[in-house]
Each structure stands twice: as structure tokens, then as C-alpha cells.
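Peer 1: Below are the C-alpha cells for one structure; questions will follow.
Bear in mind that the values in this text are calculations on the coordinates, not laboratory data. Not measured: the values here are computed from a predicted model. All Cβ positions, even for glycine, are placed from backbone atoms using ideal geometry, and neighbour counts span all protein chains on display.
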Amino acid sequence: MNTLKMKNWGLGLGKHVIIAGPCSVETEKQIDDLCNSFEREPQIGMFRAGIWKPRTRPGNFEGLGDQALPWLQKVKNRLNIPVCVEVAKAAHVESALKHGIDVLWIGARTTVNPFSVQEIADSLQGVDIPVMVKNPINPDLALWIGALERMNKVGINKLAAIHRGFADPYDKIYRNKPNWNLAMQLKLELPDLEIINDPSHIAGKSEMIFDVAQRALNFGMDGLMIETHPNPEAAWSDARQQLNPEQLLTILKEISFRERID
Ligand code: PEP
Ligand code: MN
């Protein structure tokens, strides 16, 4: 039996948490436009944004880096919700903490590498910040739990997991195939751990996000992380899967949130 020392950090405040924001921060205007759309939407509980982008192949947009951090501070002040970013190494953690980022997440390409995970953990020694850990690229539950344990061992007790699907070159439907059994197994092994679903990286296309998100909620997942962009077609990364704010709000209106099982 795996045990983690965990603290309830009020994720979702008893409701399903909705995390929304762009795959990547691109311009200050893009972020301002999103804030304008999100301003009166109490359902959005956390803002996500990538500023260090681990791209599978070189030559693609790899994120704006530190330059984008002041814009994210502005989001926090405007929307009054926590802001999360992906970190992949100690230098990212240092910059994020310096700029008041509220929550960190570890991406699938990082979870897969224990040395990288440990480097992040070491940089968080003595820091009280929530960390969300995406599943590794491959369906290896031990690797996923191992990353959570590495965080926990340095004193991070505000944790969550994110199911973003697994690489499966033989699958023609999903960008990253969901494995609901594995997610449920994680829930069984770590009953206090909240699991958020990322239908964007599972589906890979905007028109499939509703169905994946609904399935995740039916399986008892605790929240959704959905990539949202003011103008998805023009996005610098993951253009095909991002929703515009209106599409996001339609999904949130139509989807069936069951009672959260606590
Ligand atoms: C992302 O969230 O934009 C991202 C890069 O995700 P993943 O680590 O799931 O590929
Ligand atoms: Mn993305």
C-alpha cells in the first residue's frame, strides 16, 4: 500500500475544479483577452499557462519563459484565482516562485524521468506550494506514483495527479489514449489524492473534448484541465485541441457534473 502524507489544499473547494488557460502564453494581449472572457465566470477555479514548453521535436515554439511571468501575475490580480505553470527543471521552479505562481505542475515528458523529477523536488525543499503531477507518457503507474512520492519526500503535501492519456502509436482515435483503469487504480492506491482529467491532450481535437471530459467525470475524476485560447486556430502550440472561451463555457454548461465522491 502506498501512503503519502497529504493535506487537503482546497482544490475545487469541494466542487470539481476547472482549470483553464492557453497551452502556451504567446502575447500580453492574448492573456488580457482571456481574462476579459473569464472575468465573470466563477466556474473557472484556476488559470493554466505554459511558458516553458517541452516540445517533442526541435524547431517548434518552446515558450516565452520568464518574460511571461509578470503577465501571469496580472491574471492572478484580475481573476483572483490561482495560476499554475509547468516546470521541468529547478531554474523554472526558482523563476515561478519568484513571480508568485501559486501552483506548479509537472508535465508528462518530465514525469517519465526520475532525475528531472528529483531535481524539481530538491528545488522545492522547504517550500509550501501545491504540485500537480501529470502521468508519464507511458502507462506506468509506478513511475507516476514515484514522482508524487519524490515531491512528498521533500515535504510537498499539497498534491494532485493529472490524467492526460498515454502515447499509443496504434491508436487512431486519441492523441494520447486514456487509460481509465489505470487512473482508477491510482485512486484505489491513493484514495486521498485528487485526480484531474486533461481532455485536451487526450483528445487532441477540440470537437472530442466534451465526450472525454464527460467520461472522466463519470469515472469520478475530481476536475478538468482544459486548454483555452482566444483564437485557437492561430495558437502557437496545440492549435487543433484548444477551445475558445465560448466553447469552454458551453461545455461547462452542458456537461453533467455528478456529486463529487469525497
Ligand atoms: C501542456 O499541458 O501543454 C503539455 C505540454 O502537456 P503534456 O505534458 O500533457 O504533454
Ligand atoms: Mn498543450
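Peer 1: Provide the packing ranking of 230-240, 200-210, 167-177, i.e. peptides ordered by the mean count of other C-beta atoms within 10 Å per residue, highest first.
Peer 2: 200-210, 230-240, 167-177
Peer 1: Another question, then. Glu28 to Asn8: extension gain in nm, 0.36 nm per residue of separation minus the Cα-Cα distance?
Peer 2: Additional length available on full extension: 3.9 nm.
Peer 1: Could you sort the peptides 149-157, 34-42 by per-residue average Cβ neighbour count (10 Å cutoff), highest mean leading? Could you put the intermediate results ahead of the total?
Peer 2: Details: 149-157: 18.2, 34-42: 15.1.
In descending order of packing, they fall as 149-157, 34-42.
Peer 1: Please state the charge dipole magnitude for region 16-254, taken about the Cα centre, from unit charges on C-beta atoms (+1 on K and R, -1 on D and E), reported in debye and rounded to the nearest 20.
Peer 2: The calculation lands at about 260 debye.
Peer 1: Here's another thing I want to ask about it. Any chance you could run the full-extension gain for Trp180 through Arg258? It's 0.36 nm times the residue separation minus the Cα-Cα distance, nm to one decimal.
Peer 2: 26.4 nm
Peer 1: In addition: Mind ranking 187-194, 43-50 by how tightly packed they are, going by the mean number of other C-beta atoms within 10 angstrom, highest first? Can you show the working numbers first?
Peer 2: Numbers: 187-194: 15.6, 43-50: 22.8.
Answer by packing, highest mean first, reads 43-50, 187-194.
Peer 1: Mind jotting down the distance between the C-alpha centroids of region 206-262 and region 146-202, whole Å?
Peer 2: If we compute the Cα centre of each part, the gap is 17 Å.
Peer 1: Give me a comma-separated list of calculated 3J(HN,Hα) values for region 235-240, in order, Karplus coefficients 6.51, -1.76, 1.60 applied at θ = phi - 60°, integers in Hz, x for any Gly or Pro.
Peer 2: So the Karplus estimates, Gly and Pro as x, are 5, 7, 8, 6, 4, 5 Hz.
Peer 1: While we're here: Go through Val112, Gln241, Ile51 and say which Cα lies farthest out towards the positive end of the charge dipole of region 16-254; charges sit on Cβ, +1 for Lys and Arg, -1 for Asp and Glu.
Peer 2: Towards the positive end, the residue furthest out is Val112.
Peer 1: Semi-axes of the equivalent ellipsoid of the chain: what are they in whole Å, largest first, if each equals the square root of 5 times a C-alpha gyration tensor eigenvalue?
Peer 2: Its equivalent ellipsoid spans semi-axes of 24, 22, 19 Å.
Peer 1: Output the pairs from Lys7/Lys29; Lys29/Lys187; Lys29/Lys172; Lys134/Lys253; Lys158/Lys205; Lys5/Lys205 with a Cα-Cα distance over 29 Å in this structure; if there are none, say none.
Peer 2: Among Lys7/Lys29; Lys29/Lys187; Lys29/Lys172; Lys134/Lys253; Lys158/Lys205; Lys5/Lys205, the Cα-Cα distance tops 29 Å for Lys7/Lys29; Lys29/Lys187; Lys29/Lys172; Lys158/Lys205; Lys5/Lys205.
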